[in-house]
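Scroll down for the structure; my scribbles are underneath it.
The values are calculated or read from the model by the stated rules, or taken from the named source; none is laboratory data. Note that the coordinates shown come from a computational prediction; the quantities given were computed from them, not determined experimentally. Positions of Cβ are backbone-derived with ideal geometry, glycine not excepted, and every protein chain shown enters the neighbour counts. For the accessible areas, the whole protein counts, side chains as well, though only heavy atoms, and no ligand, DNA or RNA atoms are used. Shrake-Rupley method; radii C 1.70, N 1.55, O 1.52, S 1.80 Å.
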Amino acid sequence: VLFEHELLDASYARSEGGERGASPHVHVEHVDAFYIVEGELSFVVGPDLDVVRASAGTFVMVPPNLIHGFDNDSDATARWLNFHAPSTGFLGWMRGDRESFDMLPPPEGGGRNADAAVIVRPGGGERYERSNRTISILGDEPRFSALEIAFDESFHVDPHEHDDHADSFFVLDGEVEFTVGDEAVRAGPGMWLSAPPGARHGFRNGGSGRTRVLNLHAPDAGFADWIRGL
């Protein structure tokens, strides 16, 4: 468990080669998203269970009412981040604290078409180049958005708060200096930070050259459109 909040359940998972994951299902009330950190997962999406092989660095976002499932069909370990926005009790269900959450069998009508899934390969996304940073919008939906931000040592975001969404980060490359309340916290690859509504936070390059982070907003609260308008 990385973050458990009414706006977002975030977790880090691992499966070994050949291990089964989740059989085809749908969610009605929340977005299910994945970022592959290591290895490869095989997803099925849509009424015809189209197969999508997602290697490290791939982002997958599944909106409500879209059939999906996944397995590790490779012979190697896979590690990934998983996001449920908003929380409908996924982490509590995984712990055994509740009997069910927002997960249903595939509907008789087949649900949404496979092209409703968002699949972004490494280096892809909606890119915005700036003098000291590159922002790539990987996917945005009212309940959730994901961006990749690569930034130089001159770039920083001053401490601030959000009152309408949770702002979360996963460090991919380099070192980041986060402001958490009134303290400075240095974080390297694999480190996670979440700022729920009302939490003071900011970030800057930690002085290790070009740095890259995954940035998640739940809900999106207009953030992706704000980036487009910068």
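Give me the percent of accessible area attributable to carbon and sulfur for the range 56-180, probe 1.4 angstrom.
46 percent
Under the rule of at least 5 residues apart or a separate chain, name every residue whose amide H is placed under 5 Å from the amide H of residue 7.
Residues meeting the amide H criterion: 87.
Find which of 63, 22, 205 sits farthest along the positive direction of the dipole of the chain, computed with +1 on the beta-carbon of Lys and Arg, -1 on that of Asp and Glu, about the Cα centre.
Most positive-ward Cα: 205.
For the range 37-105, what percent of Cα pairs sit more than 15 Å apart?
Of the Cα pairs, 61 percent sit more than 15 Å apart.
Specify, per residue and in Å³, the volume enclosed by the convex hull of the alpha carbon atoms belonging to the range 2-153.
Cα convex hull per residue, to the nearest whole number: 121 Å³.
Please get the size of the charge dipole for the chain, origin at its Cα centre, with Cβ charges of +1 on Lys and Arg and -1 on Asp and Glu, quoted in debye to the nearest 20.
I would put it at about 440 debye.
Which order, highest average first, do 181-191, 134-144, 218-228, 47-57 follow once you tally other Cβ atoms within 10 Å for each residue and take the mean per peptide? Each step should come with its number before you reach the end.
On the way: 181-191: 12.7, 134-144: 20.2, 218-228: 17.9, 47-57: 14.8.
Output ranking for 181-191, 134-144, 218-228, 47-57: 134-144, 218-228, 47-57, 181-191.
Taking only protein heavy atoms into account and a 1.4 Å probe, give the accessible area per residue of the range 67-200 in Å².
For the range 67-200, the solvent-accessible area averages 49 Å² per residue.
Between the range 126-195 and the range 59-87, what is the separation of their alpha carbon centroids in Å?
22 Å
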